[in-house]
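Here the structure is laid out as structure tokens; the discussion comes afterwards.
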Amino acid sequence: MNKRVLTVGSLIPKHLTTNIPVLRERVTPTPVIKRIIQHPQKTISLLQKNRRFDVRPKKGKLLDAALSQGQDLQYKCKKGTCGECKVKVEKGMDILSLPNSMEMKKLDDVLQEGYRLACQADIL
Ligand code: FES
């Protein structure tokens with residue numbers, strides 16, 4: 001199968017690029033750049049009872065991601081009723097879902113300060 005690869009150079013007429021060697025080279029993002037493009041924000045930083053937790057984004061519930069990464073977040077019900085999993089999101093709020101009704105009910109007065117229920121917040 002003939003797989004054609006488009007590069008910056010391939011989009012420029014050949015007669016304009018023959019004297020510019022750098023334009024003839026294929027531009028391939030390095031693995032580090034690919035990772036930054038896919039996950040521009042590498043961690044979600046949380047505070048819970050004066051303890052800091054850094055969670056790598058993983059689709060699903062914030063609490064499940066933290067627990068699967070060995071983070072020792074405190075929780076009880078996982079239903080949004082006890083409030084034990086309350087965390088302050090210091091970094092990464094932009095990749096979390098909007099607060100759901102359980103969070104609004106439980107955290108009404110502190111939602112604006114960046115608090116979330118880790119068992120209810122989804123990582124997008
Ligand atoms: S674990 Fe109970 S509200 Fe999240």
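The values are calculated or read from the model by the stated rules, or taken from the named source; none is laboratory data. Keep in mind that this is a model prediction, so the values were computed, not measured. When we count neighbours, we look across all protein chains shown, and the Cβ atoms used for this are built from the backbone with ideal geometry, even at glycine. Accessible surface areas use protein heavy atoms only, side chains included; no ligands, DNA or RNA. Shrake-Rupley method; radii C 1.70, N 1.55, O 1.52, S 1.80 Å.
Couple of notes before you dig in:
- I123, I95, ranked by accessible area, largest first (probe 1.4 Å): I95, I123
- Solvent accessible area, Å² - R51, 1.4 Å probe, full protein context: 100
- By the rule of a C-alpha distance below 22 Å, with chain neighbours fewer than 8 residues away ignored, the lysines paired with K106 are K49, K61, K76, K78, K79, K86, K88, K91.
- When the alpha carbon gyration tensor of segment 44-123 is reduced to an equivalent ellipsoid, the three semi-axes, largest first, read 17, 13, 12 Å.
- Within straight-line reach of K3, meaning a Cα separation under 26 Å, sit the following lysines at least 8 residues removed in sequence or on another chain: K14, K34.
- Residues in segment 67-95 reached by a label modelled at R52 [backbone nitrogen below 15 Å; 7 Å Cα→Cβ]: 88-92
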